[in-house]
Amino acid sequence: MKRGMSIIALSAGLLFALSIANSPVARLIVPAAKAQAPLLVDGDFEKDVSGTALRALEKPQGWYESRADGVKGPKLVLLSKKPVAGNATKKVWFKTSTKHNAYLSQAFSAPQSGKFSLKWDILVKSIHAKPNRAAFQLIGNDSVKGKGPDATGSERFVALAFENASAKGKINLIAMEGAAAKPKVVVPNLDLAKWYTVQVDIDVQAKTYAVSVKGVTTAPVAVKAFVAKEKTVPSSLSHISFATWNDGPGSFMIDNVGQP
Ligand SMILES: [Ca+2]
C-alpha cells in the first residue's frame, strides 16, 4: 500500500516535471539562459545620423567619444557618409591633430575575463612621420578614474596601431606590448587608403592575443598583452576604443566592429 502510494506520488511528480518542461514558460526560460547578448551594438554605424549623435553618450550601450579633450578633441571623430575605397556605407572618420586626443569607445554588454574575439574594418589615410604611429585600436577597461576607458596604460590589454613602413604608401600594423617595450611589427607592408579587416582572438587569463588580417595573414600572429609601467595587465576587459593621439597623430576610418 505504502509502496503503491509512492509510485503514484513519483508518477505525479514526473508528470508535473514534464508539464513544466513543455510549458511556454520553460520554453521561454531555457533559450534565454543559453543566448548571450552580442558584446557590441551599432558596429556598422548605420543607425547614426550625425557625428554629434555618434559622439554622444548612449544608454544603456553604444559608441561615445570618451576622452573629452577640450572642445576640439571630440570633434576629431566624424561620421562619414561618402564612399571610400569601395565602402559606401556609414563609417567613422578620425581626423589628425597634433594638439588633441580623441577616443571613440563602447562598453561591452558584459566584462570579459576568458577567451573572446573581436574584429573591425580599418582604413588608414595618413600617419605623421614623427612620431610615426597612429590609428590606435585598444581593448581594455575603465578602471582608472578620469580620461575614459583605455586611456591609461594600466587599462590597456590589446594595444594596436599603425606606422609608416619604409616603402612609400606602405604601412605596418604594430602592437605595443608594454610601456617599456619597442612596438612589435605584427603585419608588415599593408597599403594606405585600403580597407582591412583586423581580428583579435583574446585570451585574458594567458595575457595574450592573436592578430589576423583577413586575406593577408596565413596564420594568426601571437602578441603579448600590454604591460603598464606599473607592471600590470588588466584581468577583466570591458571596453573597446579607437583613438587618435596628439603624440600619435594620423587620419583613419573604422567600420563593422563586432564579433567574427
Ligand atoms: Ca558601415
query = What full-extension length gain, to one decimal in nm, is calculated for Ala110 and Lys47 as 0.36 nm per residue of separation minus the Cα-Cα distance?
reply = 20.5 nm
note = Rounded to the nearest 10 degrees, the helix 24-34 long axis (Cα) sits at an angle to the longest Cα principal axis of the chain of 40
request  = Express in whole angstrom the spacing between the alpha-carbon centres of the stretch 95-109 and the stretch 190-260.
outcome  = 15
inquiry  = Suppose the chain between Ala181 and Val144 were pulled fully straight at 0.36 nm per residue; how much longer would it get relative to their current alpha carbon spacing?
reply    = 11.1 nm
ask   = Roughly how tilted is helix 2-21, in degrees to the nearest 10 and between 0 and 90, from the longest Cα axis of the chain?
value = 30
Summed residue charge, Cβ within 15 Å of Ala225's Cβ, Lys/Arg positive, Asp/Glu negative = +1
inquiry  = Given the DSSP H assignment, sum -39500 (n - 2.57) over each helix run of at least 4 residues in the chain and divide by its residue total; what's the result at 222 nm in deg cm²/dmol, nearest 500?
reply    = -4500 deg cm²/dmol
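FYI, it's all coordinate maths here, none of it is from the lab. Keep in mind that this is a model prediction, so the values were computed, not measured. Reconstructed Cβ throughout: ideal geometry from the backbone, glycine too, with neighbour counts over all protein chains shown.
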